[in-house]
Amino acid sequence: MKNLILHTEQIKGKDLFQDFEENAAAFPLFSDLVQNRECEFREPLKISLRAFRIRELFEVEGTFQTRVRMSCSRCLKKFDLPLKSSFALTYTTELPVMKEASDEEEVELGVAELGLIYLRGEEIDLRDGIQEQVVMAFPLRTLCAETCKGLCPKCGADLNHRDCGCRHTPTGNKFAALKKLKLSKK
């Protein structure tokens, strides 16, 4: 857990480069995903990052990689999926005040609206920011292969292994009933 904490005094004068590994159990959201059987982390999370300061902002840029076991959304087969992505997180100790172009009144924007993570104290806790980036790297539809044929909707056979012999009638156009719809002109 100490790996996920950066101290701001380390970043004040120079860039900080750090590589580390962390087990999925160190991230509460990942533990929930594993407990709900949505995925299984097969490797620890490997993170390489660079942290630097720009005025009152602390920038953390880096990459992560891991391997997760998931179920295919078409055939339900378990398969390992490599996850790798870049990320950029911005932490701030002060909330910037923005001015609108139309008048000179100061408008206070929320930290989330600016894409910033509010920092309290002298430590940057990377856990929430990194776990959010990993979850965003998950595919919307998990497929074991782009050519996966899925399961037969009638008998449930895996169509990747064999043809089940069920007669598949085309479902047709879902909007075909609208062709017969007659609207009166008023």
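Computed from the coordinates by the stated procedures, all read-outs in this text should not be read as laboratory data. What you are looking at is a predicted structure, and each value in this text was computed from that prediction instead of being measured. Every residue, glycine among them, receives a Cβ derived from its backbone with ideal geometry; neighbour counts consider all protein chains shown.
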- Task: May I ask you to derive the relative contact order of the chain, considering only C-alpha pairs under 8 Å and at least 6 residues apart, and to give it as an integer percent?
- Result: 18
- Message: Over the chain, with a Gaussian network built from C-alpha contacts below 10 Å, which listed residue (Glu123, Glu59, Glu43) shows the highest mean-square fluctuation?
- Response: Glu123
- When the Karplus curve 6.51 cos²θ - 1.76 cosθ + 1.60 is applied with θ = phi - 60°, which whole-Hz ³J(HN,Hα) does each residue of the stretch 48-64 get, with x for Gly and Pro? 10, 9, 10, 10, 8, 10, 10, 6, 9, 9, 10, 9, 10, 10, x, 9, 9
- Message: Using the Cα centre of the stretch 1-84 as the reference point, and only Cβ charges (+1 on K/R, -1 on D/E), how large is the resulting charge dipole? Debye, rounded to the nearest 20.
- Response: 300
- Query: Could you state the number of Å between the C-alpha centres of the stretch 122-186 and the stretch 7-51?
  - Reply: 31
- Interchain or sequence-distant (5+) residues whose placed amide H lies within less than 5 Å of the amide H of Arg69 are Glu40, Phe41, Arg42, Leu81
- Sorting Val134, Leu183, Ala25 by the position of each Cα along the dipole of the chain (Lys, Arg +1; Asp, Glu -1; all at Cβ), the one nearest the positive end of that ordering is Leu183
- What ranking of Lys182, Lys78, Lys174 emerges when the number of other C-beta atoms within 10 Å of each C-beta is taken as an exposure proxy, fewest first? Lys182, Lys174, Lys78
- Message: Quick check on the stretch 2-165: of the DSSP beta bridges with both residues there, what percent are antiparallel, nearest 5%?
- Response: 95
- Would you mind checking which residues have amide H under 5 Å from Lys77's amide H? H placed 1.01 Å from N; only 5 or more apart, or other chain. Cys72
- Once phi is turned into ³J(HN,Hα) by the Karplus curve 6.51 cos²θ - 1.76 cosθ + 1.60 with θ = phi - 60°, what whole-Hz value does each residue of the stretch 81-94 show in order, with x for glycine and proline? 10, x, 10, 8, 7, 9, 8, 9, 10, 10, 10, 9, 9, 10
- The helix 127-137 Cα axis meets the longest alpha-carbon principal axis of the chain at an angle in degrees, between 0 and 90 and rounded to 10, of 30
- If you place +1 on the Cβ of every Lys and Arg and -1 on the Cβ of every Asp and Glu, how big does the dipole about the Cα centre of the chain come out, in debye to the nearest 20? 2400
- Message: Can you tell me what percent of all Cα-Cα pairs in the chain are more than 29 Å apart?
- Response: 49
- Lysine pair count for the stretch 2-165 [Cα-Cα under 24 Å; pairs on different chains or 8 or more apart]: 11
